Every structure is written in C-alpha cells, then in structure tokens.
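The values are calculated or read from the model by the stated rules, or taken from the named source; none is laboratory data. Note that the coordinates shown come from a computational prediction; the quantities given were computed from them, not determined experimentally. Positions of Cβ are generated from backbone atoms using ideal geometry, with glycine treated the same way; all protein chains shown enter the neighbour counts. Protein only, heavy atoms only, side chains kept; ligands, DNA and RNA dropped before computing areas. Shrake-Rupley method; radii C 1.70, N 1.55, O 1.52, S 1.80 Å.
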Amino acid sequence: EMVHGVNVVLDYIDGIERESEFSELAMEHSKIEGFRGTADFVAYNGDATSAEIVDLKYGTSTVQAINRKGEINTQLLCYAALLCDKLPDLQNIRLTIVQPRSKTKTKIRSVDVDRQTIKSFEERVYNARAIADKELQGASLQLSEGSHCYWCKASRVCPLKTTTELNRDFGEGS
C-alpha cells in the first residue's frame, strides 16, 4: 500500500513542467520571526514567476486544498507565503495535496493562488503575531508541549516549540 502511495506522488511530480525543483524545501520567513515550514516538493519555472507546491498527505481522512466555504488550506498558504518570501518575483502558485489513501475518488486536489492572496495571508499572520506579542508582553506564559500541539494552529510560531526545536537541532543556547 505504501509503495502504491509513493508511486502516486512520484507519477504526479513527474508530470509537472518545471525548470527548477526542490524536495523537502525548508524555508524561514525573513520578516515574521519563527514562521517556517518544510514543503514536500516545490517546482518553479525558469524566471520564478510561477510555481507549484506539492504536499503529501498519507492519512485516510481527506484533506482539501480548498474547502466548500472557499477557504484555502492554511498549511499550503504558509508554504506559499514562505516561497514568495524566498522568490520575490513569484506571481502564481498552484497548491496541491496528493493523498493516495484518501477515501474520496480524487486523490490529487489543487487550487491556484496569486501573489495578492498570499500577501493578504501574510498580513493576517503578521498582524496576528503582533497582537499576540503585544498581549503576551510581560505575561508569564504557562506553555506546555504535548500531544495537543499536533492540532494547534499556532504551533509554527509557538515560542516553546521553536526553542525546543532549536535546542534539539543545534544544542542548548541556540
């Protein structure tokens, strides 16, 4: 079953027209501290004005690129914002989820977004971060890492998680 799933992803990636690509591209935003992520696969054209981000989901619970309310998948938007920060000429991005074990007929789901959509998302993230930082100034936080972190929408900017990951990757005092 896993071999079949990997082949679905590889077949899809093989069909993407591209001049440059990255697999497991780790990115960090230059203006929003702690905002980072690792996209499974990124391909872009020669002048870096259009790209596609592919995210593999191996679970059976269906994950949409865009839901019925028209809301674009937040994780994919994060990757798109990070990629736009890395490639400033980027104008159009296809966000794709490949989910070979999904219980739906459609195993590959995509949505196209433009630079303005990404800029609006970045502004929301930046403003939310600024509000949180202001509210938390001087407050004593009682953060605790645990299984609940898996579902937390703030995990990408959580100071406890960020510090823990830095210490794990680079040792204490990073």
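Residues of the range 21-58 that are over 20 Å from Ile108 (Cβ atoms) and without any contact (Cβ under 8 Å) to a residue 24 or more places away in the chain: Ala26, Thr38. Of (1) modelled with pLDDT of 90 or more; (2) under 26 Å from Thr106 (Cβ atoms), Ser61 satisfies all except one. Which? Every condition holds for Ser61 apart from (1).
From the residues in the range 23-50 that are assigned to a strand (DSSP E or B) and among the hydroxyl-bearing types (Ser, Thr, Tyr), which one is most open to solvent (accessible area, probe 1.4 Å)? Lay out the reasoning, then the answer.
Residues of the range 23-50 assigned to a strand (DSSP E or B): 23-28, 36-44, 50.
Narrowing the set further to residues that are among the hydroxyl-bearing types (Ser, Thr, Tyr) leaves 23, 38, 44, 50.
Details: Ser23: 86, Thr38: 64, Tyr44: 36, Ser50: 44 Å².
It comes out as Ser23.
Here Asp89 meets the list (1) in contact (Cβ under 8 Å) with a residue 60 or more places away in the chain; (2) open to solvent by 90 Å² or more (accessible area, probe 1.4 Å) almost entirely, failing just condition (1).
Taking the conditions exactly as written (in contact (Cβ under 8 Å) with a residue 60 or more places away in the chain, touching a helix residue (DSSP H, G or I) at 6+ places or on another chain (Cβ under 7 Å), surrounded by 10 or more Cβ atoms within 10 Å (Cβ to Cβ) and not basic (Lys, Arg)), does Glu145 satisfy them or not? Spell out the reasoning first.
Numbers: in contact (Cβ under 8 Å) with a residue 60 or more places away in the chain: no; touching a helix residue (DSSP H, G or I) at 6+ places or on another chain (Cβ under 7 Å): yes; surrounded by 10 or more Cβ atoms within 10 Å (Cβ to Cβ): yes; not basic (Lys, Arg): yes.
It is false that Glu145 is in contact (Cβ under 8 Å) with a residue 60 or more places away in the chain, touching a helix residue (DSSP H, G or I) at 6+ places or on another chain (Cβ under 7 Å), surrounded by 10 or more Cβ atoms within 10 Å (Cβ to Cβ) and not basic (Lys, Arg).
In the range 92-110, the residue that is nearest to Ala51 (Cα to Cα) out of those that are hydroxyl-bearing (Ser, Thr, Tyr) and in contact (Cβ under 8 Å) with a residue 12 or more places away in the chain is Thr96. Within the range 51-86, which residues are farther than 17 Å from Glu24 by Cα, open to solvent by 70 Å² or more (accessible area, probe 1.4 Å) and not in a loop (DSSP other than H, G, I, E, B)? Correct list: Thr74 only. Here Lys31, Lys103 are screened, and the one residue that is modelled with pLDDT under 90 and under 26 Å from Ala154 (Cβ atoms) is Lys31.
May I ask you to say which residue of Ile108, Ile118 is modelled with pLDDT of 90 or more, open to solvent by less than 30 Å² (accessible area, probe 1.4 Å) and under 26 Å from Tyr12 (Cβ atoms)?
On the way: Ile108 fails: open to solvent by less than 30 Å² (accessible area, probe 1.4 Å).
Testing whether each residue is modelled with pLDDT of 90 or more, open to solvent by less than 30 Å² (accessible area, probe 1.4 Å) and under 26 Å from Tyr12 (Cβ atoms) leaves just Ile118.
Within the range 1-21, the set of residues being in a strand (DSSP E or B) and open to solvent by 70 Å² or more (accessible area, probe 1.4 Å) comprises just one member, Glu21.
Collect the residues in the range 92-104 that are over 19 Å from Ile13 (Cα atoms) and either open to solvent by 60 Å² or more (accessible area, probe 1.4 Å) or outside any loop (DSSP other than H, G, I, E, B) (or both), keeping them in residue-number order.
First, the residues of the range 92-104 that are over 19 Å from Ile13 (Cα atoms): 103-104.
Scanning the range 92-104 gives a single hit, Lys103.
Are any of the residues in the range 126-135 assigned to a helix (DSSP H, G or I), open to solvent by 100 Å² or more (accessible area, probe 1.4 Å), within 19 Å of Glu28 (Cα to Cα) and at pLDDT 65 or above?
Of the range 126-135, the ones assigned to a helix (DSSP H, G or I) are 126-135.
Now drop any that are not open to solvent by 100 Å² or more (accessible area, probe 1.4 Å), which leaves 126, 131, 134-135.
If we keep only those that are within 19 Å of Glu28 (Cα to Cα) as well, we get 126.
Subset that is at pLDDT 65 or above: 126.
Looking for residues that are assigned to a helix (DSSP H, G or I), open to solvent by 100 Å² or more (accessible area, probe 1.4 Å), within 19 Å of Glu28 (Cα to Cα) and at pLDDT 65 or above, one finds at least one in the range 126-135, hence yes.
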